[in-house]
1. Of all residues in region 43-65, how many are surrounded by 15 or more Cβ atoms within 10 Å (Cβ to Cβ), hydrophobic (A, V, I, L, M, F, W, C) and within 16 Å of the chain's Cα centre (by Cα)?
2. I need a count of the residues in region 151-203 that are touching a Ser or Thr at 6+ places or on another chain (Cβ under 8 Å) and free of Cβ contacts under 8 Å to residues at least 60 places away in the same chain.
3. Which one of ARG185, ARG202, ARG162 is under 21 Å from THR136 (Cβ atoms) and either of a type in the set (D, E, K, R) or modelled with pLDDT of 95 or more (or both)?
4. Which one of these does ALA7 not meet: (1) in contact (Cβ under 8 Å) with a residue 60 or more places away in the chain; (2) open to solvent by less than 40 Å² (accessible area, probe 1.4 Å)?
5. With the requirement that a residue be loosely packed, with under 13 Cβ neighbours inside 10 Å and not hydroxyl-bearing (Ser, Thr, Tyr), what does region 147-175 give you?
Amino acid sequence: MTYRELAVPGAWEITPKQHGDPRGVFLEYFQGEPFRAAVGHPLDVRQANASVSAAGVLRGIHFADVPPGQAKYVTCAKGAVWDVAVDLRVGSPTFGAWDAVLLDDVDRRAIYLSEGLGHAFCSLEDDSTVLYLCSTPYAPGREHGVHPLDPEIGIVWPTTARDGSALEVRLSPKDATAPTLATARDGLPQMADVRAHLADLRP
């Protein structure tokens, strides 16, 4: 299992080692000690989620208030998604920057997004199934969004599905009416708060 920190500090791409034979494939998609070594603290999993999305469905950009925030360890068990980390931490040197990882059922990579980062993905295939390990349970009063098509952020979303057909982007009503980065700025996580929270997580 290898870790690669993305252009957004606090986000990592994780590539597992797959063991295949005529029966199929086995892999470990999360390992506690390598995670701690790469990130600097353990992942305290408090909730595990799954979502299934049709091709073109775009979910996000979602984030949670810090503290405590919500860190996410995400993989795609079936299909393929273009998964994006966005730096929403006011005061961060890379505020507003984004980076992306292809999560699919071929390479079976994962992405880890630490507290204070925004998360979004676009499904590239019908029935794409995404699994999330979350550091905090769902708390609707602390969870918010930024519009995924905000030109100030400028995420380059895929236009072609896994089968080569054109993608028609579909947003939930909540995501379609989410504020822009500029409008949401006063409610975004503060980098100082994120640093303090992460310091509390380190052993």
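1. We begin by selecting, within region 43-65, every residue surrounded by 15 or more Cβ atoms within 10 Å (Cβ to Cβ); these are 43, 45, 51, 53, 55-65.
Next, from what is left, pick out any that are hydrophobic (A, V, I, L, M, F, W, C): 43, 45, 55, 57-58, 61, 63-64.
Subset that is within 16 Å of the chain's Cα centre (by Cα): 43, 45, 57-58, 61, 63-64.
Total meeting the criteria: 7.
2. 2
3. Values: ARG185 fails: under 21 Å from THR136 (Cβ atoms); ARG162 fails: under 21 Å from THR136 (Cβ atoms).
Just a single option satisfies the conditions, and that option is ARG202.
4. (2)
5. Applying the first criterion (loosely packed, with under 13 Cβ neighbours inside 10 Å) to region 147-175 yields 151-152, 154, 156, 159-160, 163-166, 168, 173-174.
Hits for region 147-175 are PRO151, GLU152, GLY154, VAL156, ASP163, GLY164, ALA166, GLU168, PRO173, LYS174.
Table: residues versus (1) buried (at least 24 other Cβ atoms within 10 Å of the Cβ); (2) closer than 17 Å to SER135 by Cα.
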site: GLY32; (1), (2): no, yes
site: HIS41; (1), (2): no, yes
site: PRO68; (1), (2): no, yes
site: CYS76; (1), (2): yes, no
site: VAL84; (1), (2): yes, no
site: PRO93; (1), (2): no, no
site: TRP98; (1), (2): no, no
site: ARG109; (1), (2): no, no
site: TYR112; (1), (2): yes, yes
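The values are calculated or read from the model by the stated rules, or taken from the named source; none is laboratory data. Because the structure is a prediction, the values reported are computed rather than measured. Methodologically, a virtual Cβ is constructed for each residue, glycine included, from the backbone with ideal geometry; neighbour enumeration extends over all protein chains shown. We work out accessible area using only protein heavy atoms, side chains counted, and drop any ligands, DNA or RNA first. Shrake-Rupley method; radii C 1.70, N 1.55, O 1.52, S 1.80 Å.
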